[in-house]
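Bear in mind these aren't lab numbers, they're just calculated from the coordinates by the rules spelled out. Please read all numbers here as calculations on a predicted model, not as lab measurements. Cβ placement follows ideal geometry from the backbone for every residue including glycine, while neighbour counts extend to all protein chains displayed.
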Amino acid sequence: MKTFHDEPINCCKILKILFPGRTVLTNGIAGIGKTFSARKFALDWARGLENQDIDLLVLFSFRELNLVRDKQYSLLNLIHEFHPTLKKVTAEQLAAWKVCFIFDGLDESRSPLHFDKNEIISDVTVTSSVDALLTNLIKGNLLPSALLWITTRPAAANRIPPACVDMVTEVRGFTDPQKEKYFRKRFSEEKLADRVLSHLKTWRSLHIMCYIPLFCWIIATVLLDMLRTLTTIGQLPKTLTEMCCHFLLVQTNTKKQKYDETHEGEKRKKKRNKKKKDNRQQLMKSDRDVLLNLGKLAFKHLKKSSIMFYQEDLEECGLDVKDAALYSGVCTQIFKTESVLFQKTVYSFVHLSIQEFLAAVYLYHCFTQKNKKVLETFLHDDDDYEDVDEDDEYSNSTLSDFLEAAMEKSLESKNGHLDLLVRFLHGLSLQSNQSLLGGLLGQTENSPKEIQKAIQNLKEMLTRGDVSPDRCINIFHCLMEMNDHSLHQEIQQFLKSENRTEKLSETQCSALAVMLQMSEEVLEELDLDKYNTSEEGRRRLVPAVRNCRKARLAGCNLRETDVEVVSSALSSNPSHLRELDLSENDLQDSGLVELLCASLKSPHCRLEVLKLAGCELSETGVEAVSSALSSNPSHLRELDLSKNDLPDSGLVELLCASLKSPHCRLEVLK
């Protein structure tokens, strides 16, 4: 796709940038602000502030469309059904007006979206299935002049054929200055805000998560509650697991307080408040039952990548919606309800991370209770999900075995959808977090030997060559959740040392690569020759190219996966690389040069110096380089192709033809 913008855009201007296209797809992770953006667009239009060239704006949410997915409608009747105020709108007006449809939450859709199988519909009065209406509208068979804006989580974006999308945008959440602005607004006292921000920046895994606005709210909710009683900032949660444990406690205690005030009178309230300090970290049995059933719901639907639930989903997991009012604190702050079409109720967790946390709590509980069936559904992708008696044996499995198996399962994921779940599982293995949750996890194992074995397993996984850079980062986070900072401290000591002759192990190299990627500061130069380590150790440092300006990877026997990482770094947004030296690496007939040059054509790539000396370039490799030189944009100023045998097949002529391109900016050619 042609790139129109490489800068932030105002959501209200999104369709103006689209011209002359028709459909824009906006993706972003859960809680990042997609629905907020869509509603802001609609509200500003309705108030007459923006986009007044649009005659009619129709907003649909897929969670509401799920309720009618088995019914038959025409597009006109569907609009009338969902928006009764538009019942006077006619088919002729729909055809004549400039109409904009907003479809929010594609990832929540339970319709199959059969783009290839559905019948063709071009008349807004023809009755068909909701699925057929949606696919025909998106394909342009229905109202081809209408504008469409669709929001989704990234994992569901591929449900729409690329040919049906004219522009893709992304909601990326808070920048670092916006994170600070949010917390200064929530903590109005300047000194208190400074302490909170200092704490978050110290514990990097928490600070990183704050790019999600909803997660900022979770952190602020916990810290506002805790700072009323704590005397030192050092007692604040330092890990993601600890933060979520406290969030659960804050909400369940809030619920109990509300219940006391409403149903038990002032006398009982005073008595309960007197015991609050002693019992604050103890969950009532009724709370445990509800939370475990919510965890069962969370786990079951996390496997399906589903974040929206209906009454039948709750009942399958032992949750009686009629009793939900009794647990108002849980249902409004952890598990929220929303009334939609026909006064039906839709349920969801306040954020995906809370769903993942409760799923981990439930899974850990099943491990302690030896619930073999549930564990097998997780570890072996068994879709036949059903609980079994507590007496079932999950024999020959220790805590370290369980955590290792869970991590292996997450390593199989290409998009990392289980990363947070396994981070929480490792965090829940700690005695401190188990104490916070009282008896919620069941009879837990707290053997120091098992904890150390689990930590050692994680470190050994860091040395494996088949683990991607993103999964390595998550392994590193799991170590932090278990309060193991040994690798972090070793690397910090190494970076501070003026004499860096000490040999780095492969595990330390993986940890160093992770830390360099997570650093707020961009590394000026990554020169693998300067690190005293093995050849495999040097390769493990390659992912750090994502966060450096100059990368010298000459003579490192790079493998295909390494070149893929470099290519990804060149096309990422933002891309920091300005100089790249891949000399003396055999890149001949594996398609790696083509992969590399494809990234050079990315609108995000800003590479100025590329060295491919002695890389045994093939004919197709030189052709790829030539194509990259004449691409738009091309930022290359210096190119080194020396020590490559260019056969007499017109390759030099092809190369020189690219130098004549008006887009070529090359100044030095070797």
- Once you charge only the Cβ atoms, +1 for Lys and Arg and -1 for Asp and Glu, what is the size of the charge dipole of segment 553-669 about its Cα centre, to the nearest 20 debye? 620 debye
- Message: Can you give me the C-alpha center-to-center distance between segment 443-488 and segment 547-605, rounded to a whole angstrom?
- Response: 29 Å
- Multiply the residue separation of Glu667 and Gln492 by 0.36 nm, subtract the distance between their alpha-carbon atoms, and state the gained length in nm to one decimal. 59.0 nm
- Here, GluC sites (Glu not before Pro) of segment 149-243 satisfying both criteria (DSSP loop; at most 16 other Cβ within 10 Å) are Glu189
- Separation between the Arg578 and Lys185 pseudo-spin-labels, each 7 Å from Cα along Cα→Cβ, expressed in nm? 3.5 nm
- Task: Considering Cα pairs under 8 angstrom that are at least six residues apart, work out the relative contact order of segment 11-170 and quote it in whole percent.
- Result: 38 percent
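Evaluate E = 1/(1 + (r/R0)^6) for Ser145 and Arg39, where r is the Cβ-Cβ distance and R0 equals 30 Å; express this FRET efficiency to the nearest 0.05.
The pair Ser145/Arg39 has a calculated efficiency of 0.80.
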- Taking N as the number of residues in segment 81-198, the ratio of its alpha carbon radius of gyration to 2.2 N^0.38 Å works out to 1.55
- Cα-only radius of gyration and Dmax that characterise segment 11-170, units Å: 14.6, 41
- Among (1) 110, 57, 48; (2) 102, 64, 61; (3) 92, 74, 54, which one is Cα extents along the principal axes in Å computed from these coordinates? (3)
- How large is the charge dipole for segment 87-203, taken about the Cα centre, if only the Cβ atoms of Lys, Arg (+1) and Asp, Glu (-1) carry charge, to the nearest 20 debye? 560 debye
- Here P(r) for segment 453-587, Cα-Cα distances in 10 Å bins, as whole percents, is 12, 46, 35, 7, 0
- Note on the structure: FRET efficiency for Asn557 and Asp289 from the Cβ-Cβ distance with R0 = 51 Å, rounded to 0.05, comes out at 0.35
- Measuring from its Cα centre, the chain shows a charge dipole (+1 at each Lys and Arg Cβ, -1 at each Asp and Glu Cβ) which, in debye to the nearest 20, is 3420 debye
- Chain lengthening between Thr202 and Leu86 when straightened (0.36 nm per residue, less Cα-Cα): 36.4 nm
- Query: For labels at Gln431 and Glu170 in the simple 7 Å Cα→Cβ model, what's the distance in nm?
  - Reply: 4.3 nm
- Item | Simple label model, 7 Å out from Cα along Cβ direction - Glu315 to Gln588, nm | 6.8 nm
- Item | 14 Å cut-off, amide nitrogen to a point 7 angstrom out along Trp217 Cα→Cβ, residues in segment 9-45 | 30-37
- Can you sort Tyr347, Tyr531, Tyr364 by how many other beta carbons sit within 10 Å, fewest first? Tyr531, Tyr347, Tyr364
- Round to a whole angstrom and tell me the spacing of the C-alpha centers of segment 62-141 and segment 162-234. 38 Å
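If the convex hull of the alpha-carbon atoms of segment 553-669 is projected onto planes in all directions, what is the mean projected area in square nanometres?
Numbers: hull surface 24.7 nm².
The number I arrive at for segment 553-669 is 6.2 nm².
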